[in-house]
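Just so it is clear, none of the values below were taken in a lab; they were calculated from the coordinates. Everything numeric in this text was worked out from a predicted model, so none of it was measured. Cβ atoms come from the backbone with ideal geometry, glycine included; neighbour counts cover every protein chain shown.
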Amino acid sequence: MRQSNSEQLNLEGNEHFSHGDYTHAYLCYSKALECDRLSGDRRALASTLGNLGNICAVSGRREQAQAYYQEVLELQTILGDERGIGTTLANLGNLRADAGEWERARAYYLEALDLMQRTGDESGKAVLFSDLGLVARENGQMEQAMEYYEQSLTLMKRLDNQGGMADAWRMMARTMVMQGRLADGLACCQTSLAMAERMQDELRVGGAWYLMAHCYEQQGCLAEAADLLERVVSVDQKYRLPKLEENTDRLRVLRQKLAAARREAHA
């Protein structure tokens, strides 16, 4: 069967999205939206709007993302798409989590989890457990956070989702670091890094490097930390990531600390 223009544009957008090229992904999804508005295909429209919501969410445009997701939710309710509703509720929860509204995020996540359990959406649950782990961690519930991350990792393994496994290891690592368990956190992070490198996923590799740099800095290994943070900044520059300025400033401070330590050692 021949693909529609909307399907093709969404596929192109997904390809750009997967490589961190959000600008071109947004353009593809916007063109697909025009096609869907004209065709009146509600399922295609819901899919495209969801993609636009995702792009806006990762780009920090929360209000625009919220509007897209709300329209998706209305369409999915009309279509009786419970599985889709679960995904959209999780996305709305992500927006609230990004805004630091942890209780509102948790309410969305639990509603989504109920639907995902009912529809048997294992891949959705795998991601959602990680989201619930983040909420628990930010509320200081470290043990509960680790339980959620372990549930996520178990499901990711069952689904053979390598990217999801790498993410779960990194999230567990971050939780351990927040508990002051630097060696354990570093070990988990190295597992995440190895998986990301095998997949040649530069964004996930950068995420692992970032956390490892923090671990090394906390351990007083400033040269190793600076080396990793330089790599993080190069990834930020390549993909025009929002933390470029912050990480560049952090690298400058780290280099100053390293230079001062070296001067002191030779004094």
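Kirkwood hydrodynamic radius of the range 66-160, from the reciprocal of the average inverse Cα-Cα distance over all distinct pairs: 13.4 Å. Specify which residue in the list 64, 172, 205 is farthest towards the positive end of the charge dipole of the chain, using unit charges on the beta carbon of Lys, Arg (+1) and Asp, Glu (-1), about the Cα centre. Toward the positive end, the furthest listed residue is 205.
The translational diffusion coefficient of the range 165-267, from Stokes-Einstein at 37 °C and 0.692 mPa s with a Kirkwood hydrodynamic radius over alpha carbon pairs, comes to 235 µm²/s. Computed from the C-beta positions of residue 70 and residue 197 and an R0 of 51 Å, the FRET efficiency is 0.85 to the nearest 0.05. Along the chain, the exposed loop sites are trypsin sites (Lys or Arg not before Pro) outside DSSP states H, G, I, E and B with at most 11 other Cβ atoms within 10 Å, and the longest stretch free of them is 3-239. Write down the Å³ per residue value for the convex hull defined by the alpha carbon atoms of the chain. Roughly 138 Å³ of hull volume per residue. Within the straight-line cut-off of under 16 Å between alpha carbons, the aspartates and glutamates reachable from residue 243 are 21, 98, 202, 230, sequence neighbours fewer than 8 places apart in one chain being disregarded. Once the Cβ-Cβ distance between residue 253 and residue 18 is put in as r, and R0 is 30 Å, what FRET efficiency do you end up with, to the nearest 0.05? The value I calculate is 0.35.
For a straight C-alpha distance cut-off of 12 angstrom, the aspartates and glutamates reachable from residue 125 (same-chain residues fewer than eight places away being disregarded) are 111, 114.
Annotation: extensible slack from residue 141 through residue 266 equals 40.5 nm (criterion: 0.36 nm per residue apart, minus Cα-Cα distance). Count the net charge of all other residues whose Cβ sits under 11 Å from the Cβ of residue 13, scoring Lys and Arg as +1 and Asp and Glu as -1. The answer is -3. The order of 23, 154, 88, going from fewest to most other C-beta atoms within 10 Å of their C-beta, is 23, 154, 88. Counted by neighbouring Cβ atoms within 10 Å, the residues 55, 78, 85 run from fewest to most as 78, 85, 55.
Net length available on complete extension from residue 117 to residue 182 is 19.9 nm, with 0.36 nm assigned per residue and the Cα-Cα distance removed. A simple charge model with +1 on the Cβ of Lys and Arg, -1 on the Cβ of Asp and Glu and nothing else charged puts the dipole of the chain at about 540 debye relative to its Cα centre. Annotation: for a label point projected 7 angstrom from Cα along Cα→Cβ of residue 219, residues of the range 158-177 with backbone N closer than 20 Å are 169-177.
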